[in-house]
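Below is one structure; the comments refer to it alone.
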Amino acid sequence: MGNNEDDDYLMLSGIQHFQFCKRQWALIHIEQQWEENVRTIEGEYLHQNADQPFVREKRGDKLVVRAMPVKSESLKISGICDVVEFIRDDSGVEINSAEGKYIAYPVEYKRGKPKLNDEDILQLAAQAICLEEMLLCGIDQGYLFYNEIKHRVEYR
């Protein structure tokens with residue numbers, strides 16, 4: 001085991017990479033090779049707004065947390081949720097530094113448009129699993145925001 005036990009965890013983004021292309025996954029996650037191109041730069045730009053760690057916005061009954069670190073010790077996966085929206089609901093769970101109970105909804109940002117395969121959905125589902133384990137709750141929906149269509153798609 002390395003200096004940090006999280007080094008032994010699979011990255012959430014790797015789930016999407018592995019499902020999309022196993023060779024791409026191996027180059028990025030095993031060989032540590034990454035090459036910037038127009039698409040990766042567009043993706044980085046899109047995530048600049050979402051990935052602002054420790055930024056919390058309160059909008060009425062909604063609390064928006066950006067760049068939230070998550071992990072599942074049982075599955076040995078970890079990563080960052082682009083956005084987690086906490087909606088105030090008496091059937092939810094208590095969260096740190098917020099009054100009341102909330103239901104959590106992960107929101108993953110993608111540069112392109114909805115895909116024909118499930119790689120994005122698998123990544124979102126893994127984020128939900130991490131949140132469920134961390135918050136000790138059930139999460140039955142999440143969202144993928146696709147920049148190309150400027151729309152978010154709900155998944156249950």
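The values are calculated or read from the model by the stated rules, or taken from the named source; none is laboratory data. Note that this is a predicted model, so its numbers are computed, not measured. Every residue, glycine among them, receives a Cβ derived from its backbone with ideal geometry; neighbour counts consider all protein chains shown. The area values use the complete protein model at the heavy-atom level, side chains included, leaving out ligands, DNA and RNA. Shrake-Rupley method; radii C 1.70, N 1.55, O 1.52, S 1.80 Å.
Criterion first (surrounded by 11 or more Cβ atoms within 10 Å (Cβ to Cβ), assigned to a loop (DSSP other than H, G, I, E, B), out of contact with any Asp or Glu (no Cβ under 8 Å at 6 or more places or on another chain) and modelled with pLDDT under 90) does residue 52 satisfy it?
So residue 52 passes the test.
Quick one: what pairs do we get from region 92-105, first residue without any contact (Cβ under 8 Å) to a residue 12 or more places away in the chain, second surrounded by 15 or more Cβ atoms within 10 Å (Cβ to Cβ) and not β-branched (Val, Ile, Thr), C-beta under 7 Å, 6+ apart or different chains?
94/101
If a residue counts only when it is open to solvent by 60 Å² or more (accessible area, probe 1.4 Å), which strands (runs of 3 or more DSSP E) contained entirely in region 82-156 have at least 1 such residues?
Counting at least 1 such residues, we get 101-110, 151-155.
Could we say that residue 77 is at negative phi and crowded, with 19+ Cβ neighbours inside 10 Å here?
So residue 77 fits the description; yes.
Determine, yes or no, whether residue 46 is surrounded by 12 or more Cβ atoms within 10 Å (Cβ to Cβ) and at pLDDT 65 or above.
no
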